[in-house]
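Peer 1: Starting off with a structure, shown below.
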Amino acid sequence: MDLTAIIKEIGGGLPAVVIAVLSLAVWHLWRRGNEQTDRALDREREHSAELVETIRTIDRYDREREQ
């Protein structure tokens, strides 16, 4: 459904335009926030994987020194 159809559906006029445009803005911000959250989670997963690899490397190094 396009913005014009939504405006007609809720009665038309200036109040309907304001409601429709504000709803579109909220939807856009919500989508943007979700995308930012997804990117942050991806970065955290990468950092966690790097940290695990670093811990494993240090553990291997420590085991080799003990022998």
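Peer 1: State whether the residues of the stretch 15-25 include one that is loosely packed, with under 10 Cβ neighbours inside 10 Å and part of a helix (DSSP H, G or I).
Peer 2: Restricting attention to the stretch 15-25, the residues satisfying the condition of being loosely packed, with under 10 Cβ neighbours inside 10 Å are none.
Checked the stretch 15-25: no residue is loosely packed, with under 10 Cβ neighbours inside 10 Å and part of a helix (DSSP H, G or I).
Peer 1: For the stretch 39-50, which residues satisfy the criterion of being within 14 Å of the chain's Cα centre (by Cα) and open to solvent by 90 Å² or more (accessible area, probe 1.4 Å)? Explain how you work it out, then say what you get.
Peer 2: Keep residues of the stretch 39-50 that are within 14 Å of the chain's Cα centre (by Cα), which gives 39-45.
Correct list: Arg39, Arg43, Glu44, Arg45.
Peer 1: Here is a further query. Which of the residues belonging to the stretch 32-67 are polar (S, T, N, Q) and modelled with pLDDT of 95 or more? Break it down into steps so the answer makes sense when it comes.
Peer 2: Residues of the stretch 32-67 that are polar (S, T, N, Q), as a first pass: 34, 36-37, 48, 54, 57, 67.
The answer is Asn34, Gln36, Thr37, Ser48, Thr54, Thr57.
The values are calculated or read from the model by the stated rules, or taken from the named source; none is laboratory data. Being a predicted model, the structure only gives us computed values, none of them experimental. Positions of Cβ are backbone-derived with ideal geometry, glycine not excepted, and every protein chain shown enters the neighbour counts. Accessible surface areas use protein heavy atoms only, side chains included; no ligands, DNA or RNA. Shrake-Rupley method; radii C 1.70, N 1.55, O 1.52, S 1.80 Å.
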